[in-house]
Every structure is written in C-alpha cells, then in structure tokens.
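To start, the structure itself, in structure tokens.
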Ligand SMILES: NC(=O)c1ccc[n+]([C@@H]2O[C@H](COP(=O)([O-])OP(=O)(O)OC[C@H]3O[C@@H](n4cnc5c(N)ncnc54)[C@H](OP(=O)(O)O)[C@@H]3O)[C@@H](O)[C@H]2O)c1
C-alpha cells in the first residue's frame, strides 16, 4: 500500500483535509482557522485542485503551507475543465504550482477520466513531471477501476506507477466498495476518498430542517436526492446520540473503517463545522459498529454475476 511520506520523511496521518471551500463558503480567516486546527490535530495532507474556487483554494493553501512545507503532503488535480490536449494539462499544472508557490507538489491527480484525450498521452505527462521531480506521487480521481488499471499498465510500461486514486466514498455513496477499494487493496494503491459526509447530508442537519450545500447547490441536491439516502441520514443522529458523538464523527470514522484503509478527506465551511469530523481521528470503529451503520444503506450490487457458487 502506498504510504504517504513527506519530503522531510514524516509519515502522513490517515486523514486529509480538502480545500474545496477555501475562497467560497470559507473566507480567508475561516480557511486559516481550519488549516491551523488540522495541523494541531496532526493532519498534514492537504487536497486541492486547479478547478477549485477560481484559484483561491490553491492560493490560500499556498499562503498557509509556506512555513511548514517539508512536513506536509500537498495534492492538486488538473484536467477537470481543460481543453482536450496535453499542453492544456501542463499549463494548468504550471498555474497550480504558481498559485501554491511551489516548484513541486507531492501528489498530482488527473481530476477525471477524459475519453477525448489519449490516456497514454496523459499518463506520459504525469510520468514526465514525476521524472522532473515536479510531483512525487501519481494519481487519478473519479476513474472507474478498469480505467485505473489501464492507466496503471501504461504507467508500469513507463517505469512508474499510479500510487493513489481519489474516489467518492461515504455511507450514502458506496459504489467504491464494489471494485475500486478491492482493487486498491489488491494493487497496493492508496484510496484517498472524498465527501465522507455526503456533502453534509450525514451530519443529520437536513432531517432537522437545516440548510447547506444540498439545499443551496442543485448539483448536490441531485447527487444526494434519493429518499433512502435521507432516511439513512435521519437515523444516524439517534445512533450517534447513543454512542455520545456527533453524527459527522461517526460518518467520517465509518468511511475510514473500510478494510482497504482509505484516507478520507475531511472538509467544512468553518472551524465549528470541522470539529466533529476531526473527532473521528481518535475513534477506532469496531467491525460490529461498522456493520450497524453499513446496514443503514443498500449494499451495491457485485461487479460480476454468478457469485452464488464461490461466495
Ligand atoms: N476529486 C473530486 O472530484 C472531489 C470532489 C469533491 C470533493 N473533493 C475533495 O474532498 C474534500 C471534501 O469533500 P466535501 O466537501 O464534499 O466533503 P463532505 O465531508 O462530504 O462535505 C463537507 C460539507 O458538509 C457540510 N458540513 C461539514 N461539517 C458539518 C457540520 N458539523 N455541520 C453541518 N454541516 C457540515 C459543509 O457544507 P454546508 O455547510 O455547505 O452544508 C461542508 O462543506 C473537498 O474539499 C475536496 O478536497 C474531491
């Protein structure tokens, strides 16, 4: 399994923090407060993307990390909205490095599978940037398992490998359990998983009549719009109350507790929101507790039929 080690040789904590709200729902002061709280809690892995908040997320992060750089893991992503050519990817990466104030990052992701651009050319670019020491780890996000393995075959041919994948994973988005997380376990790839709170649904706030990203952004309202998702989210606070923790703490701990040992990316719009997610760092969920929460949502169908003969 890929182990994230910073430039100064420090092993990263299991959890990461995501900056998608920096410069949007979180202003500079709120972003700084969350960054400092993460450092205090032992989180040293920070996730961003060329796409986020018109560049503000990378700029804020660049400002915060400067004095601590060598002991941090900084990952960014390119290619979500780039024109379909490799030079556009390269210039997005140059732009990201400039915003971050870094010559090199630790993790460079292709943000999505782009069927309109040769995968060979994209992996070739990642490998070239790695050879030039502009990134230490190679990664892809939002790829299906077959797309990761295709990228892996190309990378291995070039003498390198895909170290990390970044899929969505939460109690209400469990598709990664079918192929991606087993693939990660089998191939030694680290899964850095995003949206552990289902965009905020698993805080229980919508069941209590609250508002947030799901009511403010129709894309998220649709992504988490199914009735069973809201029913599961409504049951979570009761279980959390019985355990004596916030529902968000349980949701994050659940995402971390998959046997493939994924690294959930925490996020929030304020320090107050972030606290319950940070509490998950000190929770070790038992298999029984995991099973109880897992039972709240449907298990996705297996990747192949005819599983009755060999279980
Ligand atoms: N690779 C990709 O394509 C991709 C996609 C998405 C995210 N990511 C990465 O993953 C990170 C996390 O994703 P995410 O923001 O979707 O994670 P999430 O944990 O599912 O959702 C975080 C959101 O939940 C709400 N929330 C959090 N704590 C709360 C609390 N205590 N009470 C009430 N509401 C609370 C806040 O939104 P509201 O207050 O607005 O409701 C917050 O912004 C991102 O920053 C980014 O780095 C990557």
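The values are calculated or read from the model by the stated rules, or taken from the named source; none is laboratory data. None of these values were measured; they are calculated from a predicted model. When we count neighbours, we look across all protein chains shown, and the Cβ atoms used for this are built from the backbone with ideal geometry, even at glycine.
Within segment 149-176, the residues that satisfy the criterion of being surrounded by 17 or more Cβ atoms within 10 Å (Cβ to Cβ) and under 25 Å from residue 296 (Cα atoms) are 166, 167, 168, 169, 170, 171, 172, 173, 174, 176. Of the candidates 263, 222, 232, the single residue that is under 16 Å from the mean Cα position of the chain (by Cα), at pLDDT 95 or above, surrounded by fewer than 24 Cβ atoms within 10 Å (Cβ to Cβ) and over 26 Å from residue 304 (Cα atoms) is 263. Scanning segment 30-51 for residues that are farther than 21 Å from residue 104 by Cβ and within 16 Å of the ligand (Cβ to nearest atom) turns up 30, 31, 32, 33, 34, 37, 38, 41. Of the strands (runs of 3 or more DSSP E) that lie entirely inside segment 69-156, those containing 1 or more residues that are more than 16 Å from the ligand (Cβ to nearest atom) span 135-141.
Somewhere in segment 235-255, is a residue within 13 Å of the ligand (Cβ to nearest atom), assigned to a helix (DSSP H, G or I) and surrounded by fewer than 22 Cβ atoms within 10 Å (Cβ to Cβ)? Yes, segment 235-255 has at least one match.
Whenever a residue of segment 25-50 is under 17 Å from residue 69 (Cα atoms) and modelled with pLDDT under 95, it has no partner that is in a loop (DSSP other than H, G, I, E, B) and within 12 Å of the ligand (Cβ to nearest atom) lying with C-beta atoms less than 8 angstrom away and at least six residues away or across chains. Evaluate the following for residue 38: is it under 23 Å from residue 213 (Cβ atoms) and in contact with a helix residue (DSSP H, G or I) (Cβ under 9 Å, 6 or more places away or on another chain)? So residue 38 fits the description; yes.
If I filter segment 271-280 for residues that are out of contact with any strand residue (DSSP E or B) (no Cβ under 7 Å at 6 or more places or on another chain) and within 24 Å of residue 188 (Cα to Cα), do I get at least one hit? The answer is no; no qualifying residue exists. Counting only residues that are surrounded by fewer than 19 Cβ atoms within 10 Å (Cβ to Cβ) and assigned to a loop (DSSP other than H, G, I, E, B), segment 177-219 holds 9 of them. Looking only at segment 265-283, filter to residues that are more than 8 Å from the ligand (Cβ to nearest atom) and not in a loop (DSSP other than H, G, I, E, B); which one of those is farthest from residue 175 (Cα to Cα)? My answer is 271.
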